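Just below is one structure, and these are the notes that go with it.
The values are calculated or read from the model by the stated rules, or taken from the named source; none is laboratory data. Since the model is a prediction, treat every value here as computed from it, not as a measurement. Neighbour counts run over all protein chains shown; Cβ positions are idealised from the backbone, glycine included. Side chains included, ligands, DNA and RNA excluded: accessible areas come from the protein's heavy atoms. Shrake-Rupley method; radii C 1.70, N 1.55, O 1.52, S 1.80 Å.
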Amino acid sequence: MKRRKLLSLLGLAVTTGGVAIACSNNSSTPNAQTSPANSPSATTAASSGTGEELVVYCGRDEKLVGELIKKFEAETGTKVQVRYGDTAELVAAVLEEQKNSPADVFFAQDPGALGALQQANRTTKLPDAVLAKVDDRFHSPTGQWVGITGRARTVDYNTNLVKAEELPQSIFDLTDPKWKGKIGWAPTNGSFQAFVTALRVTEGEEKAKQWLEGMKANEPKVYPKNVPIVEALSRGEIALGLVNHYYLERVKVENPNAPVEHHFTGDAGSMVNVAGVAILDSAKRPELAQKFVAFLLDNEAQNYFATETREYPLADGVKVASSNLKSLDQVQTPKIDLASLSDLDATLKLLQSTGVI
């Protein structure tokens, strides 16, 4: 409830239209979330180079991006101060700090947060050379933010329980009574809520409501997050699971014989969300910030994400790590402005009114 209240307040703070912020599902320690970026408790990476300093507010977990940030320091001689925390809470900090924010770069778990900062006029246009590195659907139409990695929604399935020809062709087919008690989902998880937001945006409020009601009638098994869903699929406890693609990819590294595969439905059920970055309008080191953003989209960093976090690299020419995973070009998704996923407040209300959460 605390997070929902925060999201609602953030929505009111960003615009008079009530825009809420999409949350990170990878939060860090409480100290890192609440401490000022230049305080001793904020995470600071050491450097002995030029003496230049960059401040990054990061809604991504340190375990996912910490090594890359250290590499940027080593290559550029830059000292990087990183404030890790929940994406929504970091957006709130930027809005509260206004032009006095020490942050140069905002690294968000979801594009909704970047869209909210853009609507609050807190971002600046990125260089065309940076924007050109990714497909148009993965950056702001006006160039105010750019995606770094992608996360595709999938309907993962246990191959011992479901034949390929039995798989649902649409996310709406999951409401068929034949799947009753056989589906796993995580309705309190941020990635699921981003998917429901995309469903609302692409199909309309009423159809999204009908889907949620139909799913609830099918008595899906509820999990706190994606990992337990994939584990339950591997054990055969459920036949289908609504997850992000990279969780199974990580499981396959340790257990390549796990009887679970991806299925992409070609609608909002296979939407591709992104983690991305923006340079703040109050950045004191904009040129260094641009260098950092370009670094994240260079081949070395993109290959790191592909092999270590198992996310989709977004820069042109960089391939996914697994030969069994469809490329982004092969994943059919609805056309959607990813920044529109910031309307999480309405999604939370819908999930509550349908009794899903």
Out of everything in the range 64-118 that is among the aliphatic types (A, V, I, L, M) and outside any helix (DSSP H, G or I), what residue ends up being nearest to residue 286 (Cα to Cα)? 105
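Here is a list: 95, 131. Which entry is in contact (Cβ under 8 Å) with a residue 24 or more places away in the chain and of a type outside the set (Asp, Glu)?
Only one candidate passes the filter, namely 95.
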Selected residue (criterion: nearest to residue 58 (Cα to Cα)) from residues of the range 99-133 that are open to solvent by 20 Å² or more (accessible area, probe 1.4 Å) and aliphatic (A, V, I, L, M): 120
With the condition kept exactly as written, say whether any residue in the range 172-190 is part of a helix (DSSP H, G or I), closer than 30 Å to residue 299 by Cα, touching a strand residue (DSSP E or B) at 6+ places or on another chain (Cβ under 6 Å) and open to solvent by 10 Å² or more (accessible area, probe 1.4 Å). no
Can you tell which of 234, 170, 140 is hydroxyl-bearing (Ser, Thr, Tyr) and within 21 Å of the chain's Cα centre (by Cα)? 140
Some residue of the range 251-265 being among the hydroxyl-bearing types (Ser, Thr, Tyr) and under 25 Å from residue 93 (Cβ atoms): no
By residue number, the members of the range 332-357 that are open to solvent by 10 Å² or more (accessible area, probe 1.4 Å), under 17 Å from the mean Cα position of the chain (by Cα) and of a type in the set (Val, Ile, Thr) are 333, 336
Quick check on residue 193: is it more than 20 Å from residue 167 (Cβ to Cβ), in a helix (DSSP H, G or I) and open to solvent by 20 Å² or more (accessible area, probe 1.4 Å)? no
What residue, among those in the range 134-164 that are of a type in the set (Ser, Thr, Tyr) and part of a loop (DSSP other than H, G, I, E, B), is surrounded by the most Cβ atoms within 10 Å (Cβ to Cβ)? 140
Condition check: more than 30 Å from residue 232 (Cα to Cα), in contact with a Cys (Cβ under 9 Å, 6 or more places away or on another chain) and part of a helix (DSSP H, G or I). Does residue 129 satisfy that? no
